[in-house]
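Input: a single structure, listed below in structure tokens.
What follows is calculated from the coordinates using simple rules that are stated; it is not laboratory data. Just so it is clear, the structure is predicted and the values come from calculations on it, not from any experiment. Neighbour counts run over all protein chains shown; Cβ positions are idealised from the backbone, glycine included.
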Amino acid sequence: MKEHEFNCPYCYHEVSTWVETDKFKQQFIEDCVICRNPLEMIIDCTLGVIRRVMINPIAQ
């Protein structure tokens, strides 16, 4: 697992999430630890390396 830091699209604070790098494609929803708004996370990994991360706000 590796930690990935990003800026929340709602509150713009820098937050982080843990990524399981042994999984090729991942998609999940996680709340921002600062503002508690839901974020869709789409993550691609290859050979234990994070290749692409997309963080999308979820319309409420």
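Worth pointing out:
- ³J(HN,Hα) computed for each position of region 14-31 - Karplus, 6.51 cos²θ - 1.76 cosθ + 1.60, integer Hz, glycine/proline x: 7, 10, 9, 9, 9, 10, 7, 6, 8, 9, 5, 10, 9, 8, 7, 10, 9, 7
- Across region 34-49, coupling constants 3J(HN,Hα) worked out from phi with the 6.51/-1.76/1.60 Karplus curve, θ = phi - 60°, read 8, 9, 6, 7, x, 10, 8, 10, 10, 10, 10, 10, 9, 6, x, 10 Hz, and Gly and Pro carry x.
- Summing charges over neighbours of residue 2, with a neighbour being any other residue whose Cβ is under 11 Å away from its Cβ, gives -4 when K and R count +1 and D and E count -1.
- Among 32, 58, 47 - extreme Cα towards positive end, dipole of region 20-60, charges at beta-carbon: 47
- Taking a sphere under 15 Å around the Cβ of residue 38 and counting the other residues whose Cβ falls inside, with K and R at +1 and D and E at -1, yields a net charge of -2.
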